[in-house]
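Asks: Let me give you the structure first, and then I'll get to my questions.
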Amino acid sequence: MYLTQGLHRAGRLHPAKVALREGERSWTYAALADWAARKAGVLRARGVQPGERVALLGANGAGYVSWLLACWWLGAVVQPLNARWSPGELAHGLADGRPRLLLVDQAMAPRMAGVAAPADTAVVSAEELEAQALEAAALEDVRAGGDTLAAILYTGGTTGFPKGAMLTHANLWSAAVARLATVPTPADSCTLLVAPLFHVAGLGRLIGQFVAGASVVVQPGFDVKAVLQSLQDDGVCEVLLVPSMLQMLLDLPEFKRYRLDGVRRVIWGASPIAPALLERALAAFPQAEFVHAYGMTETAATAAINAQVRQGGARAGSVGRPVVGVEARILAPDGREVEIGVIGELAIRGPMVMRGYWNQPEETRRAFARGWLLTGDAARQDEDGYLYVVDRLKDMIVSGGENVYGAEVEDVLAQHAQVAHCAVIGVAHERWGEAVHAVIVPRPGAAVDADSLNAHCRQRLAAYKCPKTYEFRRELPMSAAGKVLKSVLRQVHESQRAASAAPTPQENQA
């Protein structure tokens, strides 16, 4: 079980088959394997040894894909950095992983201005090494696999900084094979990849296609017209989207002009989908199977799949049943398994579950209970094994497919000189599924407004983490233990929204 095995297998079975396409350029499996081998040689010449980290900062692209493969070819560990992180977050990620190399796309170079990399991390232009790979000798694949660490992928953290989930070759391979066994992907499949490769959904989808010997069309990001053009012209039959992406596609006035009858499967995940949006999507792609994939970074992507969405009924709202190889339990607070239909915390066990969190043994200990990964999601399970996620136990907000933790945003807001207290919650949003909403208690006599808070947050946080709306109050509801009652804030906000009685929040349009 090693992550370059798909290249070797497909390269022998059908070496002339297109594995990867970006724009007008394409690479066969034989060419992609050769490219990865040459890039691995460049990395070795730069001193990278098996087991060392190589950080990547860039947009989706064929070059990014080949660097991932080159790292695994060499036996190195990839550390993809979120291209939307603030300078402070980038500095934290580098200090945490201490990679031997950081490869930065030219377009991302300005993001590194003012970011101090560790002394033992060499910051190199990805384009510079790309040119060297043209003349480099191909390196023999070390075929690292099994429990060898393959990637450190960052997920949101309640402690103010993201946590690095340690995923092995076996984790990522098992997750890909489990998905393929549960929802088969034929070898003639071609998927459009717009989900970022620094997230587990995009990375897992890429790995699954190569394991199946199928094809990938990669785009640098989500652009509505570019996605629709690709779905029409590139032979794409599968696409992975988050609900907000689906809505943007359907809202495009000229959507119906595109011929999309070749799309056979639409997969969504990351956040719940509004029933009305799902109905629109089902009608817009009448020939396509709709699949809801549930998972998390800690499970190397998909842990449960619902392929019965089009059948409708109550199960259309389920995240599905555990994929092949996954066991799921619903646990009471004392750790006992609850009865069918009772809500508790979803726990997962299987070969795709992460090794733990990089450099965070205490966080790793808290994430597991007797060998089961605690997801932090409140869920129930029916008599046929279908899972229904009903709430989140952790204060996570899923906005446009991105995970945002309230504690991290609160920590930044609390640094504002005019803020006495604050709380951050997720509220319903028509476009993003959820939006970050901040409740602020100003310091006595202070004059604070949304504009100053926006400017403050954008200097310290990625844009998607910044609050979209603000509410100003004299005090926050508190429990007897001195904790903010966020459940009360949510109830009040929803009541005011429904009654349209509250003053209109100041919208962050930036």
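The values are calculated or read from the model by the stated rules, or taken from the named source; none is laboratory data. The shown structure was predicted, so the numbers you read here are calculated from the model rather than taken from an experiment. Quick reminder, even Gly has a Cβ in these numbers, built from the backbone with ideal geometry, and neighbours come from all protein chains shown.
Matching residues to (1) in the same structural domain as TYR154 (by TED's automatic domain parsing); (2) loosely packed, with under 15 Cβ neighbours inside 10 Å; (3) on the phi < 0 side of the Ramachandran plot; (4) at pLDDT 95 or above:
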position	(1), (2), (3), (4)
PHE198	no, no, yes, no
LEU206	no, no, yes, yes
SER230	no, no, yes, yes
LEU246	no, no, yes, no
ASP251	no, yes, yes, no
ARG259	no, yes, yes, yes
PRO272	no, no, yes, no
ALA281	no, no, yes, no
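Asks: Same structure, new question: Listed residues ALA463, ALA499, ALA435; which is surrounded by fewer than 17 Cβ atoms within 10 Å (Cβ to Cβ) and under 23 Å from the mean Cα position of the chain (by Cα)?
Replies: On the way: ALA499 fails: under 23 Å from the mean Cα position of the chain (by Cα); ALA435 fails: surrounded by fewer than 17 Cβ atoms within 10 Å (Cβ to Cβ).
Just a single option satisfies the conditions, and that option is ALA463.
Asks: With LYS468, LYS486 as the choices, which residue is crowded, with 17+ Cβ neighbours inside 10 Å, out of contact with any Phe, Trp or Tyr (no Cβ under 7 Å at 6 or more places or on another chain) and at pLDDT 90 or above? Steps first, answer last, please.
Replies: On the way: LYS486 fails: at pLDDT 90 or above.
It is LYS468.
Asks: Another question, then. Do we find that ALA76 is touching a helix residue (DSSP H, G or I) at 6+ places or on another chain (Cβ under 6 Å) and under 21 Å from THR168 (Cβ atoms) in this structure? Give the steps one after another, and end with the answer.
Replies: Numbers: touching a helix residue (DSSP H, G or I) at 6+ places or on another chain (Cβ under 6 Å): no; under 21 Å from THR168 (Cβ atoms): yes.
No.
Asks: For PRO87, are the conditions met, namely being surrounded by fewer than 24 Cβ atoms within 10 Å (Cβ to Cβ) and under 19 Å from ALA122 (Cα atoms)? Let's see the steps before the verdict.
Replies: On the way: surrounded by fewer than 24 Cβ atoms within 10 Å (Cβ to Cβ): yes; under 19 Å from ALA122 (Cα atoms): yes.
So PRO87 fits the description; yes.
Asks: Also: Only one of these is within 18 Å of the chain's Cα centre (by Cα), in a loop (DSSP other than H, G, I, E, B) and aliphatic (A, V, I, L, M): LEU197, LEU172, LEU203, LEU192. Name it. Lay out the reasoning, then the answer.
Replies: On the way: LEU172 fails: in a loop (DSSP other than H, G, I, E, B); LEU203 fails: in a loop (DSSP other than H, G, I, E, B); LEU192 fails: in a loop (DSSP other than H, G, I, E, B).
Of the residues listed, the single one that is within 18 Å of the chain's Cα centre (by Cα), in a loop (DSSP other than H, G, I, E, B) and aliphatic (A, V, I, L, M) is LEU197.
Asks: What about GLU238, is it of a type outside the set (A, V, I, L, M), farther than 20 Å from VAL291 by Cβ and not assigned by TED's automatic domain parsing to the domain that holds GLY61?
Replies: It is false that GLU238 is of a type outside the set (A, V, I, L, M), farther than 20 Å from VAL291 by Cβ and not assigned by TED's automatic domain parsing to the domain that holds GLY61.
Asks: While we're on this one: Restricting the search to the range 396-425, which residues are under 25 Å from ALA195 (Cα atoms) and of a type outside the set (A, V, I, L, M)?
Replies: Those that are under 25 Å from ALA195 (Cα atoms) and of a type outside the set (A, V, I, L, M): SER399, GLY400, GLY401, GLU402, ASN403, TYR405, GLY406, GLU408.
Asks: Quick one: is GLY51 in the same structural domain as VAL123 (by TED's automatic domain parsing), at pLDDT 95 or above and at positive phi? Working first, answer last.
Replies: On the way: in the same structural domain as VAL123 (by TED's automatic domain parsing): yes; at pLDDT 95 or above: yes; at positive phi: yes.
It is true that GLY51 is in the same structural domain as VAL123 (by TED's automatic domain parsing), at pLDDT 95 or above and at positive phi.
Asks: Just wondering, is there one or more residues in the range 181-191 that are over 19 Å from VAL319 (Cα atoms) and modelled with pLDDT of 95 or more? Show your work before the answer.
Replies: Of all residues in the range 181-191, those over 19 Å from VAL319 (Cα atoms) come to 185-191.
Filter once more, keeping what is modelled with pLDDT of 95 or more: 190-191.
Taking every residue of the range 181-191 in turn, at least one turns out to be over 19 Å from VAL319 (Cα atoms) and modelled with pLDDT of 95 or more.
Asks: I need the full set of residues from the range 261-289 which are assigned to a loop (DSSP other than H, G, I, E, B) and touching a Leu at 6+ places or on another chain (Cβ under 7 Å), in order please. Give the steps one after another, and end with the answer.
Replies: In the first step, residues of the range 261-289 are kept if they are assigned to a loop (DSSP other than H, G, I, E, B); the result is 261-264, 269-274, 285-288.
VAL263, PHE285 - these are the residues of the range 261-289 that are assigned to a loop (DSSP other than H, G, I, E, B) and touching a Leu at 6+ places or on another chain (Cβ under 7 Å).
Asks: For the range 290-304, state whether one or more residues are assigned to a helix (DSSP H, G or I), among the hydroxyl-bearing types (Ser, Thr, Tyr) and surrounded by 21 or more Cβ atoms within 10 Å (Cβ to Cβ). First the steps, then the outcome.
Replies: Filtering the range 290-304 down to residues assigned to a helix (DSSP H, G or I) leaves 297-299.
Next, only the ones that are among the hydroxyl-bearing types (Ser, Thr, Tyr) stay: 297, 299.
Then drop every residue that is not surrounded by 21 or more Cβ atoms within 10 Å (Cβ to Cβ), which leaves 297, 299.
Yes, the conditions are met somewhere in the range 290-304.
Asks: Keeping to the range 436-462, report how many residues are in contact with a Lys or Arg (Cβ under 7 Å, 6 or more places away or on another chain) and within 25 Å of ARG111 (Cα to Cα).
Replies: Looking only at that region, the number is 2.
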